[in-house]
């Protein structure tokens with residue numbers, strides 16, 4: 001990496017690790033401490049962050065996630081105060097793409113596709129399926145996945161059937177929730193979720209790609225409740241891989257068909273609407289589940305690639321970076337990469353710390369360093385950070 005302003009970054013919440021980016025552009029990492037819901041992980045993060053400062057400091061700032069309630073955010077603010085340096089919040093998905101940029105030493109603006117379970121957006125909403133333009137400290141949200149409601153809030157992430165109910169509601173087919181899911185979750189529970197969605201009670205919206213994978217897995221009967229992170233998405237990928245192993249040569253969807261999945265929003269963003277893909281999964285015969293899972297993956301990957309290709313052409317970029325935990329999905333990652341390279345775009349993936357939150361701190365540190373090096377960077381809108389040219 002190039003010489004840079006030294007910054008310590010404290011990561012986010014899941015699979016947490018801190019990173020100190022020194023003045024020579026070298027990244028120094030802590031161990032991965034795990035999720036910060038565990039007090040032992042919090043204590044380990046604080047101890048290892050302080051050790052990084054002792055071994056590789058001093059730093060000019062401490063970076064953190066935008067979410068104010070994360071232990072990592074509070075730790076960053078405390079450390080920054082004690083050091084007499086600024087604490088700099090970096091939007092979660094900006095950090096995912098910035099981590100790829102930093103790992104590969106990319107210069108200039110890039111298009112980023114950031115797909116994960118959740119990250120706080122700078123509009124206060126739950127993001128997770130984002131198309132971004134990233135140029136150092138500046139980022140612009142170019143588009144996002146069609147939002148789904150989270151019936152029951154965080155509980156919806158543990159119960160994929162709730163996300164399928166949410167997608168049904170988004171299709172205007174909420175009345176199908178009880179007959180479809182009462183046999184597996186009970187009539188009272190299914191009816192309660194249907195009413196929550198109808199009345200928009202405790203149903204915050206999210207653009208999360210992870211929740212769309214949950215909805216698809218539940219629609220195909222592959223997962224109703226999950227005890228491990230990404231269990232439903234892994235079940236969906238496994239089913240798709242079985243079918244694709246027998247049918248490996250799958251041509252891309254026609255651009256004219258993929259383009260129907262996107263629509264323009266009043267603020268100029270382009271939303272990728274997955275409701276039609278979800279609808280195709282409903283009432284699939286048992287012997288066609290694997291094929292349907294594969295179809296969902298292929299169509300989603302082709303749509304994402306088409307989405308990013310249009311954005312690259314619109315903004316004069318030749319580089320696309322992929323980040324976020326959904327890209328652990330090999331089928332999705334390889335198909336998107338293949339389609340983007342077929343459009344003559346350079347594609348970059350995260351470094352050795354992976355595409356999930358364990359590698360996020362590098363992006364936080366890199367973005368914060370760029371902000372310090374270009375202090376004219378200011379936030380003008382909830383979706384864009386404008387940067388004046390730096391000398």
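The values are calculated or read from the model by the stated rules, or taken from the named source; none is laboratory data. Note that the coordinates shown come from a computational prediction; the quantities given were computed from them, not determined experimentally. For neighbour counting, all protein chains shown are included, and Cβ atoms are generated from backbone atoms with ideal geometry for every residue, glycine included.
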Checking the structure you have, find out if any residue of the range 25-41 is touching a strand residue (DSSP E or B) at 6+ places or on another chain (Cβ under 9 Å), part of a strand (DSSP E or B) and within 22 Å of residue 375 (Cα to Cα).
no
Please state which of the following conditions residue 363 fails to meet, knowing it meets all the rest: (1) assigned by TED's automatic domain parsing to the domain that holds residue 64; (2) within 25 Å of residue 313 (Cα to Cα); (3) in contact with a strand residue (DSSP E or B) (Cβ under 6 Å, 6 or more places away or on another chain).
(3)
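With the structure loaded, tell me whether residue 302 is assigned by TED's automatic domain parsing to the domain that holds residue 244, surrounded by fewer than 24 Cβ atoms within 10 Å (Cβ to Cβ) and within 18 Å of the chain's Cα centre (by Cα) or whether it fails that test. Quick ask: steps written out before the conclusion?
On the way: assigned by TED's automatic domain parsing to the domain that holds residue 244: yes; surrounded by fewer than 24 Cβ atoms within 10 Å (Cβ to Cβ): yes; within 18 Å of the chain's Cα centre (by Cα): yes.
Against the criterion (assigned by TED's automatic domain parsing to the domain that holds residue 244, surrounded by fewer than 24 Cβ atoms within 10 Å (Cβ to Cβ) and within 18 Å of the chain's Cα centre (by Cα)), residue 302 qualifies.
With respect to residue 205, is the statement that it is farther than 20 Å from residue 288 by Cβ and out of contact with any helix residue (DSSP H, G or I) (no Cβ under 9 Å at 6 or more places or on another chain) true? Write out each step before concluding.
Working: farther than 20 Å from residue 288 by Cβ: yes; out of contact with any helix residue (DSSP H, G or I) (no Cβ under 9 Å at 6 or more places or on another chain): yes.
It is true that residue 205 is farther than 20 Å from residue 288 by Cβ and out of contact with any helix residue (DSSP H, G or I) (no Cβ under 9 Å at 6 or more places or on another chain).
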Scanning the range 186-218 for residues that are more than 22 Å from the chain's Cα centre (by Cα) and either under 22 Å from residue 125 (Cβ atoms) or touching a residue at least 24 places away in the same chain (Cβ under 8 Å) (or both) gives 190, 193, 194, 196, 197, 198, 199, 200, 201, 202
How many of the residues in the range 1-31 are under 14 Å from residue 49 (Cβ atoms) and free of Cβ contacts under 8 Å to residues at least 40 places away in the same chain?
3
Going by the conditions given, is residue 49 over 23 Å from residue 125 (Cα atoms) and part of a loop (DSSP other than H, G, I, E, B)?
no
Can you pull out every residue in the range 114-134 that is buried (at least 24 other Cβ atoms within 10 Å of the Cβ) and farther than 21 Å from residue 230 by Cα?
131, 132, 134
Qualifying residue in the range 273-290 (condition: over 17 Å from the mean Cα position of the chain (by Cα), farther than 19 Å from residue 176 by Cβ and surrounded by 21 or more Cβ atoms within 10 Å (Cβ to Cβ))
yes
Which numbered condition residue 42 misses (of (1) in contact with a helix residue (DSSP H, G or I) (Cβ under 8 Å, 6 or more places away or on another chain); (2) closer than 18 Å to residue 143 by Cβ):
(2)
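For the range 58-74, name all the residues that are surrounded by 15 or more Cβ atoms within 10 Å (Cβ to Cβ) and either at pLDDT below 95 or not in a strand (DSSP E or B) (or both).
If we filter the range 58-74 for residues that are surrounded by 15 or more Cβ atoms within 10 Å (Cβ to Cβ), which is where we start, we get 59-67, 70-74.
Across the range 58-74, the qualifying residues are 59, 60, 66, 67, 70, 71, 72, 73, 74.
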Hey, could you check the range 75-102 for residues that are in contact with a strand residue (DSSP E or B) (Cβ under 6 Å, 6 or more places away or on another chain) and more than 30 Å from residue 157 (Cα to Cα) and say which is surrounded by the fewest Cβ atoms within 10 Å (Cβ to Cβ)?
86
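Listed here are the residues, each with its yes/no results for (1) more than 23 Å from the chain's Cα centre (by Cα); (2) assigned by TED's automatic domain parsing to the domain that holds residue 371; (3) without any contact (Cβ under 8 Å) to a residue 24 or more places away in the chain.
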| site | (1), (2), (3) |
| --- | --- |
| 43 | yes, yes, yes |
| 47 | yes, yes, yes |
| 53 | yes, yes, no |
| 59 | yes, yes, no |
| 63 | no, yes, no |
| 78 | yes, yes, yes |
| 81 | yes, yes, yes |
| 98 | no, no, no |
| 121 | no, no, no |
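Tell me, which helices (runs of 4 or more DSSP H) wholly within the range 103-193 include 2 or more residues that are at negative phi and touching a strand residue (DSSP E or B) at 6+ places or on another chain (Cβ under 9 Å)? Talk me through it step by step, then tell me what you get.
Details: elements: 155-158, 160-170, 177-185.
Correct list: 155-158, 160-170.
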